[in-house]
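Reading through the structure tokens given below for one structure.
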Amino acid sequence: MKSPLLSLPGAVPAEGRDEGVAAHYGDLFREQRALADGNGFVDLSHRGVVTVTGDDRLSWLHLLITQHVSDLAPHQATEALILSANGHIEHAMYLVDDGTTVWMHVEPDTQGELIAYLESMKFFYRVEVADRTGDISVVHLPAGSIAEVPDGAAVRETPQGRDLFLPRADLEAYAAAHGPAAGILAYEALRVEGHRPRVGFETDHRTIPHELGWIGGAVHLQKGCYRGQETVARVHNLGKPPRRLVFLHLDGSEVHLPGHGTPVRLAADGQEGRQLGFITTSARHHELGPIALALVKRNVAVDAELLAGDTAAAQETVVEP
């Protein structure tokens, strides 16, 4: 979906997985500072929107996802994963129930695959699944924002702010009333600062939830069976994940940020050393400078100095080894 807000002054289109919205509107750091201060909004209208209605919607979803939602209270935000049979992460769902409908947003262009899976699991349950991406857009208001929420809009309220599910036809009017707009790069920089993983960035085909710190957040350990639960329980009770998420402070003298997939090695071994992991997301932060998230082998020492490509990196622990 291409956002109409790309017509705003200064808008520079994002690329890659976030194509369709603005990377920034001319001043990345100003936009970050505005969000950090609780001002403005972020256009997330490229994300997929899925709804589930029907009397059995919560009890049915409870059987399929990693979160405990059978008794989810109206307007209480949560997040959940869908795993493969081997426990690998396939989807992350950011959802809320408004009393009659479960609203969720997911990674761009993944809603079709998610809906296909959900439809295959309906059986006799009284549920209806719908792709609302074409008529509903997601707008993020940062924590501390006092912007009004339009009547009838579903809202996910979290410590990071509020996600609004707005009619796509109202997006331009909302932007005019509640600007300034901030681009996805500002939003991503704050996500990296907050150590929050994202499917398709911090994950690959074999990532399990323990590696990213999703246990206890998106994965509830005291609930019934769901696909992939055996792996979750086994690793939690009997072992350790093979990799762990780390936060990196990057050398600020480098002009270019290391991109997704850049090898991570021990600084002591140099660029010819054994690869121990890879950069998942990098960003320029308005206070911290260049930062990144990376997925590294569990046994990498927590105080080891690292290299991201040819960029020196100091790590902070996100997931304990």
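The values are calculated or read from the model by the stated rules, or taken from the named source; none is laboratory data. Because the structure is a prediction, the values reported are computed rather than measured. All Cβ positions, glycine included, derive from the backbone under ideal geometry; neighbour counts span all protein chains shown. For the accessible areas, the whole protein counts, side chains as well, though only heavy atoms, and no ligand, DNA or RNA atoms are used. Shrake-Rupley method; radii C 1.70, N 1.55, O 1.52, S 1.80 Å.
Return the only residue of 5, 81 being closer than 23 Å to residue 98 by Cβ, in contact with a strand residue (DSSP E or B) (Cβ under 6 Å, 6 or more places away or on another chain) and open to solvent by less than 60 Å² (accessible area, probe 1.4 Å).
Among 5, 81, only 81 is closer than 23 Å to residue 98 by Cβ, in contact with a strand residue (DSSP E or B) (Cβ under 6 Å, 6 or more places away or on another chain) and open to solvent by less than 60 Å² (accessible area, probe 1.4 Å).
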Q.
Going by what's in this entry, would residue 101 be described as open to solvent by less than 40 Å² (accessible area, probe 1.4 Å), within 15 Å of residue 48 (Cα to Cα) and out of contact with any Leu (no Cβ under 6 Å at 6 or more places or on another chain)?
A. no
**Q.** Every pair of residues 6+ apart whose Cβ atoms lie under 9 Å, when the first sits in the stretch 49-64 and is at positive phi while the second is modelled with pLDDT of 95 or more and surrounded by fewer than 17 Cβ atoms within 10 Å (Cβ to Cβ)
**A.** 54/125; 54/126; 54/128
Q. How many of the residues making up the stretch 267-314 are more than 19 Å from residue 198 (Cα to Cα) and of a type in the set (S, T, N, Q)?
A. 4
Q. So which of 40, 20 is out of contact with any helix residue (DSSP H, G or I) (no Cβ under 6 Å at 6 or more places or on another chain), over 22 Å from residue 125 (Cα atoms) and open to solvent by less than 20 Å² (accessible area, probe 1.4 Å)?
A. 20
Q. Across the stretch 77-103, what is the number of residues that are under 16 Å from residue 59 (Cβ atoms), of a type outside the set (Val, Ile, Thr) and free of Cβ contacts under 8 Å to residues at least 60 places away in the same chain?
A. 2
(Q) Against the conditions (1) in contact (Cβ under 8 Å) with a residue 40 or more places away in the chain; (2) within 21 Å of the chain's Cα centre (by Cα); (3) open to solvent by less than 30 Å² (accessible area, probe 1.4 Å), where does residue 69 fall short? Just the number, please. (A) (1)
(Q) Can you report the number of residues in the stretch 117-126 which are part of a loop (DSSP other than H, G, I, E, B) and over 15 Å from residue 93 (Cβ atoms)? (A) 5
**Q.** Meets criteria (modelled with pLDDT of 95 or more, among the charged types (D, E, K, R), open to solvent by less than 30 Å² (accessible area, probe 1.4 Å) and closer than 18 Å to residue 199 by Cα) for residue 113
**A.** no
Q: Evaluate the following for residue 46: is it buried (at least 19 other Cβ atoms within 10 Å of the Cβ) and either outside any helix (DSSP H, G or I) or of a type in the set (Ser, Thr, Tyr) (or both)?
A: yes
Q: Considering (1) assigned to a helix (DSSP H, G or I); (2) within 20 Å of residue 5 (Cβ to Cβ); (3) among the charged types (D, E, K, R), say which one residue 113 fails and leave the rest.
A: (2)
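Suppose we filter the stretch 1-18 for residues that are of a type outside the set (A, V, I, L, M, F, W, C) and in contact (Cβ under 8 Å) with a residue 60 or more places away in the chain; how many remain?
So the count comes out to 4.
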**Q.** Evaluation of residue 31 against (1) in a helix (DSSP H, G or I); (2) without any contact (Cβ under 8 Å) to a residue 60 or more places away in the chain; (3) open to solvent by less than 20 Å² (accessible area, probe 1.4 Å) (one fails), failing number
**A.** (2)
